[in-house]
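Have a look at the structure below, then the notes.
Any read-out appearing in this document is the output of simple, stated calculations on the displayed coordinates, not a laboratory observation. All of these numbers come straight from a predicted model, not from anything done at the bench. For neighbour counting, all protein chains shown are included, and Cβ atoms are generated from backbone atoms with ideal geometry for every residue, glycine included.
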Amino acid sequence: MTPPPDAPVPPRVLSRLPYQPGTFVLDFERSHGTWLASAEDGRPYLDFAGFHGSQPLGMNPPDLTEDHRFRGRLLRAALHKPSCSDVVTEDFAEFFTEFDRTFADPALDKVMFVEGGALAVENALKVAFDWKAQRSDPARSDDRPPWRVLHLTGSFHGRSGYTLSLTNTRPIYTRHFPAFDWPRVPAPVVRYPVKTYLDEIEKAERTALDAAAQAFDEQGGEIACFIAETIQSEGGDNHLRGEFLSRVQEMCRENDALFVLDEVQSGAGATGEPWAYQAHGLEPDIIAFGKKLQVCGVMAGRRVHEVESNVFATTARIGSTWGVNLTDMVRATKVMEVIRARNLLQHVAEVGNHLLDGLDALSESSDNFVINVRGRGVIAAIDLPDTSTRDRVMARLRDEQRIFALAGGPRSIRFRPPMTVSAAEIDIMCAGLARACEAEVAARA
């Protein structure tokens, strides 16, 4: 459907964008919590897409809208946008203090902030490249260092320079763009229920570890780091077992490479823990973060400090003009205060279990139409029979049930509600999803 010329966002505006974002136009004033109001017809939609998982508290949360001191500070930051890379403000300091209270990993004591998850990953790689160069030959000055990044199939780490060599979920993301030929090993994706598929999962893990060992044997002197999403999100919410990631972490230490985790989608409370890797007992040297925090960046430490003149200790090695948007920092400071005050990490864990229970019930009654239910916290997904079926069910979910969700991988539907989602809203979503699936099954009969 093409919006009319007098629509809130007319066609001439949409036609100038690099892609068509769809016809939903958001009404800020009438949206609340997990419900988005259409500016075109006023109808509410239940939001289980969460602005691609970046929405922490839902729309118009009273903790923010009714706090006049916070709103004043937000306006002050928005009016000025100082360059946070070389000017420190009281707002910046308050953010940093709250970040340490809410999300810090004491072993990752160095932090760099930047706008965008892909650029967070990009700078995480630069930390690793510099570290590897100095470990190998501190005097090295060649213009084309050979450093490589070991990574997994099914990865999405962004669409910037270095990350284009890692992202491999859909060819359209990387087609025609130059990329490095970096070693890629098969991701041993967990299938659910785990007990049913454990032998298959362990076999896939052995295959992946053998491939990683071969890469280290053949290119080990050039591999600066291994990077993985703790939960591969855009690739279809692919979960990896802690046993596998722990062994790769050991291999990195054995081969003088850094262990890097991309927590842009899975971090900042989305799984019910501050960071998803903590549930596996992992000890990354670097993580990239963003999304739910709405401030992106890098935390580094542990083995990074084995090089005294690492990028955090040397001027001009990493950075950007703004460093990060100070307005986002002011908002994020308040969001983190709310997360702690309302104990939202525990809430996320509890409603996450309720979401899985609802999806499991749907799967059990669907005669294998809905399979592979998985999730942690407000990161959850299901698989449907194939891509076209998934796309039709998502269209029914949006158009008939007025529920937003996300596609992922070849046949997955992903759910990303805000951290404040209620059990009742989860029940509404599951019921709507059941109706959309039933309608699709009936249409195929």
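See the values below:
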{"item": "Net charge, D427 excluded, C-beta distance under 15 Å - Lys, Arg +1, Asp, Glu -1", "result": "-3"}
{"item": "Rounded to 5, percent antiparallel among DSSP beta bridges of the chain", "result": "65"}
{"item": "DSSP bridge orientation in the range 260-360 - percent antiparallel, rounded to nearest 5", "result": "50"}
{"item": "Surface/4 estimate of mean projected area, convex hull on alpha-carbon atoms of the chain, nm²", "result": "22.5"}
{"item": "Fewest-first ranking of V194, V127, using other Cβ atoms within 10 Å as the exposure measure", "result": "V194, V127"}
{"item": "D27, D399 arranged by Cβ crowding within 10 Å, fewest neighbours leading", "result": "D399, D27"}
{"item": "Highest-fluctuation residue, S320, S38, S15 considered, GNM on the chain with Cα pairs under 10 Å", "result": "S15"}
{"item": "Most mobile of P56, P186, P171 in a GNM of the chain (Cα contacts under 10 Å)", "result": "P171"}
{"item": "The range 106-210: trypsin sites (Lys or Arg not before Pro) falling in loop per DSSP and having at most 11 other Cβ within 10 Å", "result": "R140, R175"}
{"item": "Order of V87, V421 - criterion: other Cβ atoms within 10 Å of each residue's Cβ, fewest first", "result": "V87, V421"}
{"item": "Helical segments meeting 30 Å axial Cα length and Kyte-Doolittle -1.0 threshold in the chain (DSSP H)", "result": "194-219, 423-444"}
{"item": "Solution diffusion estimate, µm²/s, Stokes-Einstein, the range 392-445, Kirkwood Rh from C-alpha pairs, 25 °C, viscosity 0.890 mPa s", "result": "209"}
{"item": "Residue among H347, H52, H80 with the largest mean-square fluctuation in a Gaussian network model of the chain, springs linking Cα atoms under 10 Å", "result": "H80"}
{"item": "Computed over the chain: relative contact order in percent, which uses C-alpha pairs under 8 Å that are six or more apart", "result": "21"}
{"item": "Loop GluC sites (Glu not before Pro), the range 318-404 (other Cβ atoms within 10 Å of the site Cβ: 13 or fewer; DSSP)", "result": "E400"}
